[in-house]
Every structure is written in structure tokens, then in C-alpha cells.
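Take a look at the structure below.
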Amino acid sequence: MSLTAMLQEQFDAGLTTRPDFTIEQPVDQYGAVDHAVWQQLYERQTAMLPGRVCEAFMDGIRALDMDARRVPEFERLNEKLMAATGWQVVAVPGLVPDDVFFDHLANRRFPATWWMRRPDQLDYLQEPDCFHDVFGHVPLLANPVFADFMQAYGDAGKVAQSLGALPLLARLYWYTVEFGLMRDGDGLRIYGAGIVSSRGETEFSLASREPNRIGFSLERVLRTQYRIDTFQQTYFVIDDFAQLFDAMRADLPTLFKRFAEQPAFEASARRPDDTAILVPA
């Protein structure tokens, strides 16, 4: 759905979109089906995530005390999130313009889609919905280091925009915030929201022998294309969230200029200098 169509839909529903594309979360518009879908997805994912997701994510779930039975009210969620890291969740109609998105992140606001997917969309949804945005992203915003990284990413977005380098920076978000893996405890764990909110990709990312799993390198990530129509062909593995925050201290303008002049790697590419991480047979 285009942004114009989405805004028209919000207008038709009686929702007022502010200049920063936020709206008041219309909690009165959630029906029994919306709450039932949230509960089904929440219970399914929380049952399969222990031992597969990083401990920081489960810490966030516990700290925020999300209701398993109904779509969370952002105002209540923000009371705990603000106390933890100074972040807040703001409701938006859906995807927002890049400059608006980066400005929200830079000011410790996470724009979350308010609407819920339909029952026939439990396993695949083309656009992010409330479950993806809130269940997938928000728990890690209660982690101080990850929260600082996300703010730094918002600041970096403004730099990338000014240099025409958004496609490069988007790869960093895709391969970390959405589809990142990390070493945690005695093995690999997921932390990316795109995996956390998907039963199929949770299993695939950790157990399948098909995809590449590569030790995180900022330069490698910025040069690697991604696909949106399939499970990932490459996953990048971090040691901890401090590694992501440290990456934001790099000379990004210089990297953007250098890589804009070089060909990108295919999503499935394997390079001789990659640090390959194998899963047990």
C-alpha cells in the first residue's frame, strides 16, 4: 500500500495524522479478532523463543510486562520503557518517510504500526504490523546498550540522507535490527525483529545449513545486498550489542563514499575473508 493510500485509510477511519506521522493509538478500534491474533502469535513465539533468542530480549519481555491476551496499549508500555531507557513507542499508520523515521529514532521514539494482521496472515505479512513492531522490536529497547545504538542509528540516518547513501545504511538495519544473530551463552541466538516475530525464520536462521552465517563486519554489511522475498541467505553474527554501538563511531561519510563507488555483494555471496560460523551437524 502506498503512503498516500495509507494516510487516506487513516483519514477514513477517523484518525488524525500529525506532521510527524504519529497518531493517537486507536485502542477502541481493536476488536476481538485483533486481540485473538495478538494472543495466538504472542503465545506461539514466546513458547518457541527460549533457548533460541538472546537473553536480553527475554529480559525486555519481562521488564515491559506485555499482556499476552490483548494488543498492548502504548501509553502503558511507555511507562516501563521510559523508566528503563528513556524510549517511547509512538503509533503510526505504517511505514513512514525516511527522514521522519530517522528523526524519531534520534529522539528515542520508536514508530510502531498500530494495526494488526488478519488471521490468514499469521505466517507471512508483506508490511510490518503491530505484532512485528511491538513484539519484535520493543523488548530490546529496554536494553540500555541496544537503545543507545538505535538512537545513534537515527543520527547516522540523517548523515546518510545528506550523502545519498540510504541504501547502504538500510543494509545495516536489515542485517542487524531486523535479521541479526548473536553469540549468546553456549551458541547462536536471534535478536532481529524480523526473525523474532516469525516462527519459520526463527527455525531456519538457527538450524538450516543453507544460509551463510558470517561474523559481523560493518564494511561487509554495508556492501551486501538483501532480499525481501525469502528467508535470508546471509546472517551476520555479532558478539554483543556494544559491537553495534561501536560501529556507529566509524567514519561513516568516508565509508559511504567509498562503497558507493564499488559493486555490492549479492545476498548469497561468500567471500574468502568472511569469518564463517557453522551450525552443528
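The values are calculated or read from the model by the stated rules, or taken from the named source; none is laboratory data. What you are looking at is a predicted structure, and each value in this text was computed from that prediction instead of being measured. Neighbour counts are summed over all protein chains in view; Cβ atoms, including those assigned to glycine, are modelled from backbone coordinates with ideal geometry. In case anyone asks, the SASA skips ligands and DNA or RNA and just uses the protein heavy atoms, side chains included. Shrake-Rupley method; radii C 1.70, N 1.55, O 1.52, S 1.80 Å.
The figures follow:
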{"read-out": "Test: residue in segment 190-207 that is outside any helix (DSSP H, G or I) and without any contact (Cβ under 8 Å) to a residue 60 or more places away in the chain", "value": "yes"}
{"read-out": "Neighbours by Cβ (under 9 Å, 6+ apart or cross-chain): first from segment 26-53, among the aromatic types (F, W, Y); second open to solvent by 60 Å² or more (accessible area, probe 1.4 Å)", "value": "Y30/R70; W38/R69; W38/R70; Y42/R69"}
{"read-out": "Members of segment 137-187 found to be open to solvent by 40 Å² or more (accessible area, probe 1.4 Å) and either without any contact (Cβ under 8 Å) to a residue 12 or more places away in the chain or part of a loop (DSSP other than H, G, I, E, B) (or both), listed by number", "value": "S162, L163, G164, P167, G185, D186"}
{"read-out": "Count of segment 263-281 residues which are within 23 Å of L168 (Cβ to Cβ) and exposed (fewer than 10 other Cβ atoms within 10 Å of the Cβ)", "value": "3"}
